[in-house]
Every structure is written in C-alpha cells, then in structure tokens.
Amino acid sequence: ALQVCSAIGQNKIECDTISFNAAISACEKALSHRFQGSEWAHAVQLFNVMTQTKLELDTITYSTAISACEKSSEWKEGLLLFPQMAQHKVDCNSATFNATISTCAKCGQWGRASELFKMIAQSKMESDSISFNAGITACEKGGAWQAALRVLSEMAHGEVKTSTTTFDATISACEKCGIWGEALQLFSAMAQHKVECNTVSFNAGISACEKSFEWEQALQLFSMMTQRQVECNAISFSAAISECEKG
C-alpha cells in the first residue's frame, strides 16, 4: 500500500482520503502480525502528508493512526492525535475510543481512560467488551482497584459479556493494591460467570491467598491448576512452595 501511494505521488496522480486511509490501515494491520516494526512511523508520516496537503481527515484516518501507535507502544503519539479530532470536528466512533482507551491502558493513564468512558456515555455510543477491558487494564496499571471494580460493575449493568481478560485485570488490580479478599471473590465469580481461568487468573488468586495467609486455599488453587491442565510458571511454583513452607 505504501509503495502504491509512493508511485501515485511520483506520477503526479492525486491521492484522495480513501487511498491514504487504505495505506494507513495497511500499516496498522501489519503491526498485528509482528512484535516490532516501523509501520507506526509510516502511518504517522502518511497522516502528516494528508494534513500538509489539506486532504480531509475522517474518522477512519484518526482511528487507524491511533491504533497503529497503540499497537507499537508509541502511546504519546497516539494520545496527541485524539484531541485533534474535536479541533477538526471529526466524529469519534467505537473504534476510535477503543484504540485511545487501549493506549491509556498501556501507559497506565486510568484517569484519562475514565474520562473517555464518560465521553462515550455522553455521546450515547454503546461501549463494547474491548472498551471495558481496556478501561479495566488502565485502572489495573494505574493501581486504581476501586475504579476497576466500578467498570466491571458497569459491564454487568450494561449486560456486556465478560471474559478471562476482564477478570484477570480486575483481580490483578485488587491483588496489587492488597485488596486480597475482593480478589478471591472475583476469582470465585469467574466460575459463576462460566469464564475460563488461565495462568494469570490462578497466579493472581494464589498470590492473594498467600498475602491474606490463606495458605490452604492457595494450595487448593495450585492443585486445581494441575487438574485443569493450566500451565504453571515460575510464579505459580514459587507461590506454592512459599505456602508449603508456611504450612
């Protein structure tokens, strides 16, 4: 897509918004298939060319550019783009909010993520599981366990489907802040909601048990991991050995 845009430019053929959006989207999608790459820089470069040539920037332009920055961990660049949408009177959609909230999550800006949730509510736009999960992750990284629980409660109120990612982030937020009882309740709630527990879920649950001196329950969770053939890692074994020493 980048080569095509370059060839169009060299032959003095005018590119339109659709052409540039397709190229930026190609950069964004390429980042989904690799861990590192300069595609985000290409996406921003194309975005800047559109601005310089005074091409119309639409919702797709911004959403894909923000998503490219988010996927490549260029969070500052992504967060700078979002406010420009209001300045240029470009409408936001769920993809825009999801990409921006995910960016907030990766850099632990739970306060900003919370503001974005309020904006979604004010615009009467429906939040999906991606929005909520990103919001909870932002709370978890920012050490805001109460905010994480509020977001989880909003999911239940809005009948938004929860997932392993949802509970993992919420349990981790509680466990990291020393709210071990709440973390254990959430771990138990996963079974009630028929959500599958993974290594992260069990490790957070075992860690919460360890810190709240519930060593028997910690060993029960470790045993449950092996029974369910959930992969145990160094964290799992270390916590289990620690509990054996205490018991």
### Query
Going by the structure shown, is residue 142 under 15 Å from residue 101 (Cβ atoms) and not aliphatic (A, V, I, L, M)?
yes
## Note on the structure
Among residues of segment 133-165 being acidic (Asp, Glu) and open to solvent by 30 Å² or more (accessible area, probe 1.4 Å), the residue farthest from the chain's Cα centre (by Cα) is 159
### Task
State whether the residues of segment 200-211 include one that is under 22 Å from residue 136 (Cα atoms) and surrounded by fewer than 19 Cβ atoms within 10 Å (Cβ to Cβ).
yes
### Query
If only one of 153, 207, 201 is free of Cβ contacts under 8 Å to residues at least 24 places away in the same chain and either among the small types (Gly, Ala, Ser) or more than 28 Å from residue 112 (Cβ to Cβ) (or both), which one is it?
153
### Task
With the condition kept exactly as written, say whether any residue in segment 107-120 is acidic (Asp, Glu), within 25 Å of residue 80 (Cβ to Cβ) and touching a residue at least 24 places away in the same chain (Cβ under 8 Å).
no
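Need a quick list: helices (runs of 4 or more DSSP H) entirely within segment 137-247 having at least 3 residues that are among the polar types (S, T, N, Q).
The qualifying helices (runs of 4 or more DSSP H) are 164-176, 180-192, 199-211, 215-227, 234-246.
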### Message
If residue 69 meets every condition in (1) at pLDDT 85 or above; (2) of a type outside the set (A, V, I, L, M); (3) over 30 Å from residue 207 (Cα atoms) apart from one, which number is that one?
### Response
(1)
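Residue by residue, here is whether (1) closer than 19 Å to residue 67 by Cβ; (2) modelled with pLDDT under 85 holds:
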residue: 105; (1), (2): yes, yes
residue: 111; (1), (2): no, yes
residue: 119; (1), (2): yes, yes
residue: 124; (1), (2): no, yes
residue: 129; (1), (2): yes, no
### Task
Return only the number of the condition from (1) modelled with pLDDT under 80; (2) surrounded by fewer than 18 Cβ atoms within 10 Å (Cβ to Cβ); (3) polar (S, T, N, Q) that residue 188 does not satisfy.
(1)
### Task
Kindly indicate whether any position in segment 9-16 is at pLDDT 60 or above and within 18 Å of residue 77 (Cα to Cα).
no
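Going by the structure shown, is residue 197 within 14 Å of residue 211 (Cβ to Cβ) and either open to solvent by less than 60 Å² (accessible area, probe 1.4 Å) or under 19 Å from the mean Cα position of the chain (by Cα) (or both)?
no
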### Task
Counting only residues that are in contact with a Phe, Trp or Tyr (Cβ under 8 Å, 6 or more places away or on another chain) and closer than 25 Å to residue 148 by Cα, give me the helices (runs of 4 or more DSSP H) lying completely in segment 36-122 with at least 1 of them.
59-71, 75-87, 94-106, 110-122
### Query
Within segment 72-93, how many residues are under 16 Å from residue 120 (Cα atoms), touching a residue at least 24 places away in the same chain (Cβ under 8 Å) and open to solvent by 50 Å² or more (accessible area, probe 1.4 Å)?
2
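The values are calculated or read from the model by the stated rules, or taken from the named source; none is laboratory data. None of the values given here were measured: they were computed from a predicted structure. Counting neighbours? That spans all protein chains shown, and the Cβs are built from the backbone with ideal geometry, glycine included. Keep in mind that these areas ignore ligands, DNA and RNA; they rest on the heavy atoms of the full protein, side chains included. Shrake-Rupley method; radii C 1.70, N 1.55, O 1.52, S 1.80 Å.
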